[in-house]
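The values are calculated or read from the model by the stated rules, or taken from the named source; none is laboratory data. What you see is a predicted model, and the numbers here were worked out from it, not measured in a lab. Please note: Cβ atoms are built from the backbone with ideal geometry, for glycine as well, and neighbour counts cover all protein chains shown. For the accessible areas, the whole protein counts, side chains as well, though only heavy atoms, and no ligand, DNA or RNA atoms are used. Shrake-Rupley method; radii C 1.70, N 1.55, O 1.52, S 1.80 Å.
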Amino acid sequence: MNAQQLGENVKQKFGAKVIDFETLGSDQLYVTISPDSLVEVAEYLYRNEGCRYVINGGTDRRQQRDAFLITHFFAQDEEKIYVAIHTEVEPDNPQVDSITPVVPAANWSERETYDMIGVVPVGHPDPRRLVLADDWPEDLFPLRYDVEHGVKPPPVEGLAPERLEPPEGASVVPIGPYFPVLEEPAYFRVFVEGETVVGADYRGFYCGICGYVHSCSYCQAVERAAGIEVPERAEYIRTIMLELERLESHMLWLGIAGHIIGFDTVLMQTWRMREPLMWLCERISGNRKTYGMNLVGGVRRDIKPEMYDDVRNVIDKIGEEWAELAGAIPGDTTLITRLQGTGILTTETARELGAAGPTARGSGLAIDVRVDHPYAAYDRLEVTKCVHDSCDNLARVLVRIEETLDSIKIIHQALDEMPDGPIMAEIDEELPAGRQAMSAVEAPRGEVFHWVLTGTENRPERWRVRAPTYANLQNVPPMLEGNALADVPISIGSYDPCFSCTERMEVVDVNSGQVRVYTEEEFRAEYDQPRDE
Amino acid sequence: MIASKLKEAILSLRPGRVTLKYPFEPHDPEGDFRGYPELDTDKCIGCGGCAAVCPARLIMIQDIDQNTRRLVRLLERCIFCGRCADVCPEDAITMTKRFELSTDSGREDMVAECEVFMATCQRCTRCYEPPTPLDRIMEPGFRDDEIKRGGQDSPYEPVKSE
Ligand code: SF4
Ligand code: SF4
């Protein structure tokens with residue numbers, strides 16, 4: 001099946017409710033449907049066509065179309081298709097049916113879409129605010145074009161985020177926002193009965209460290225929309241940099257995982273092995289982490305043939321030591337006891353909640369964008385999907401260990417087969433406006449997804465991004481349930497989270513059992529810190 | 001179990017000491033490192049190319065009078081991407097190897113200014129035919145944060161368009 005056929009299936013099933021559909025190549029489908037059929041179409045794609053949910057986004061198109069555009073993105077991994085379902089909503093009555101009841105993975109992104117564009121998801125089971133600050137005015141939706149750019153509403157004091165109440169009889173253990181094992185601020189309210197976790201609430205998200213994947217995905221989306229042909233050599237260079245980034249990230253992650261369970265040998269050794277890789281990236285790109293190599297049309301820096309040996313030496317050395325370390329892990333009962341059978345995320349839940357990357361593959365879901373929706377040079381290279389189905393923390397460790405070794409192979413193959421030639425496409429004209437394209441990249445943590453609608457003067461009109469942690473964090477509450485409290489940090493750590501810092505301080509008075517949330521002002525007053533203006 | 005622990009011990013002992021003496025001994029970056037973007041004010045012709053591509057939008061162009069153009073760079077926001085150096089037609093910007101850039105004397109240290117004498121067309125008194133790409137980047141929306149609101153973040157007056 002290709003995008004055209006899938007479009008025809010949808011058209012046949014829903015008739016006049018499908019206003020229009022178009023395709024981009026054989027792998028991207030854009031369907032515009034009437035608002036009243038949104039839930040049906042979403043359910044059909046999700047249940048009958050085997051689509052996986054990606055994300056939701058809203059666009060203010062009142063100037064062009066007198067409507068808000070609400071878009072749900074799906075992926076059909078077996079058939080290598082991405083699907084966008086567009087619905088136009090009247091500005092006077094900004095409401096659209098929520099699809100969360102039938103597609104649970106849409107939960108967060110529908111809340112975010114409401115925050116940003118103000119189209120109410122009717123029937124959403126948990127319509128709390130997700131991304132805006134608590135004191136942000138109720139009726140100011142930042143992505144609407146009539147909201148002035150850079151607006152700063154005055155802060156309001158004494159507001160707290162709405163929180164989920166713990167189940168009857170359970171107590172709350174707040175983890176975060178500054179928790180010693182999670183180096184970034186994040187905030188979980190874990191509900192416990194005795195030592196056993198019975199539920200959790202989480203707030204705050206976003207993933208940012210894997211920089212190359214995002215610039216790559218964005219450039220690919222724009223190139224696709226504008227019909228720019230990227231030189232083959234540039235595609236190979238992108239692939240190599242992506243794999244170097246995966247190596248670097250998985251090594252960092254294994255170190256952190258060791259650190260979380262109190263096994264710092266792993267931390268010290270993986271980080272030591274990783275350092276030469278960081279220097280290699282510095283030699284190639286000019287910086288150890290922010291490679292800054294992608295531009296629309298290709299890459300800015302070449303990997304010159306005289307550098308090939310350098311690359312090979314560094315990754316071979318890593319491969320050798322990594323295999324040794326990986327060989328020691330299965331025999332280490334301390335490690336195995338901490339990892340095996342903890343943090344269970346069932347295949348069912350992982351699919352329902354849209355897990356991505358090693359988190360999904362550790363739960364037996366064989367999805368990997370590099371294979372399912374090949375980009376850059378991956379269609380010419382041999383990529384193995386590393387899948388484990390024990391669904392626990394150990395599975396997620398093993399997936400990453402194997403992927404690291406696989407990355408090394410991929411880099412070797414790419415170096416062998418990389419053709420000569422230019423690394424940038426010639427772009428002489430302004431990019432066409434009003435075109436759209438989707439693009440995804442398999443980041444170390446999972447699928448990064450970008451959708452771009454091009455605008456005039458080489459600027460995007462709308463750009464929607466989904467980072468993998470966004471999808472994976474939604475899997476945390478079910479993953480924590482039934483665990484001992486001591487296994488919570490490694491379970492949270494096991495999908496390599498990457499957090500933004502939007503949280504507050506919750507204090508539980510152990511004597512009275514009272515919970516109180518400090519606002520930023522109170523918190524600062526307590527610690528006598530001036531608010532920096 | 002014991003075998004595993006032994007393997008781990010060997011793996012840990014083999015490399016010996018790897019920690020560098022930095023900062024007590026210098027550690028120079030390798031390759032074409034992208035450090036502090038240095039501007040050679042003698043070479044700059046004030047074309048504004050760097051301002052147009054800078055992703056951090058930290059280069060501001062101000063026309064003080066008909067013949068003087070000021071380039072203000074708020075380098076605290078620099079992400080060291082090197083795009084400015086890429087596009088500069090006069091090679092006035094070099095990405096140096098300098099990376100130890102912290103300062104304790106406030107943001108003034110992070111602001112670099114240069115004034116360029118602009119030769120103007122005798123007839124239209126401008127350097128280029130309007131609208132130049134430069135006029136476009138000064139439109140609200142693009143450089144909005146500094147230009148339109150006079151820059152809440154910026155110590156400088158907004159550019160007045162005539
Ligand atoms: S290096 Fe990049 S961020 Fe810094 S001034 Fe140049 S273009 Fe701007
Ligand atoms: S691009 Fe070069 S010549 Fe043009 S304004 Fe910038 S520094 Fe000056």
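Annotations for the structure displayed:
- Prolate/oblate/rounded label for the stretch A:1-58 (Cα gyration tensor, a/c 1.5): rounded
- Counting only other chain Cβ atoms within 10 Å of each residue's Cβ, the peptide A:61-71 averages 0.
- Surface share of carbon and sulfur [accessible, 1.4 angstrom probe, percent] for chain A: 51
- Nearest-0.05 FRET efficiency for A:GLU229 and A:GLU320, computed from C-beta distance (R0 45 Å): 0.70
- Simple label model, 7 Å out from Cα along Cβ direction - B:PHE24 to A:ARG47, nm: 6.9
- Residues of type lysines that B:LYS97 reaches as a straight line, Cα spacing below 28 Å, ignoring anything fewer than 8 places off in the same chain: A:LYS289, A:LYS304, A:LYS317, B:LYS21, B:LYS43
- Around A:ALA414: net Lys/Arg minus Asp/Glu count, Cβ-Cβ under 9 Å: -2
- Of all DSSP beta bridges in the stretch A:65-131, antiparallel share, percent nearest 5: 75
- The ellipsoid equivalent to the alpha-carbon distribution of chain A has semi-axes of 34, 33, 23 angstrom, derived from the gyration tensor eigenvalues as √(5λ) and listed largest first.
- Estimated buried accessible area (total), pair B and A, 1.4 Å, Å² to nearest 100: 2600
- Each stretch of four or more DSSP H residues adds -39500 (n - 2.57); spread over every residue of chain A, this sum gives -11000 deg cm²/dmol at 222 nm.
- Counting, for every residue in B:2-14, the Cβ atoms of other protein chains within 10 Å of its Cβ and taking the mean gives 5.
- Built from the Cα atoms of the stretch A:31-85, the convex hull projects on average onto 3.9 nm², one quarter of its surface area.
- Across chain A, the mean sequence separation of Cα contacts (distance under 8 Å, 6 or more residues apart), normalised by length, yields a relative contact order of 16 percent.
- If only the Cβ of Lys and Arg carry +1 and only the Cβ of Asp and Glu carry -1, the dipole of chain A around its Cα centre is close to 500 debye.
- A Förster radius of 35 Å combined with the Cβ-Cβ distance from A:GLU348 to A:GLN12 puts the calculated FRET efficiency at roughly 0.75.
- Modelled spin labels at A:ARG163 and A:LYS289, positioned 7 Å past Cα toward Cβ, are 3.0 nm from each other.
- Computed from label points 7 Å out along Cα-Cβ, the spacing between B:LEU6 and A:ASP139 is 7.6 nm.
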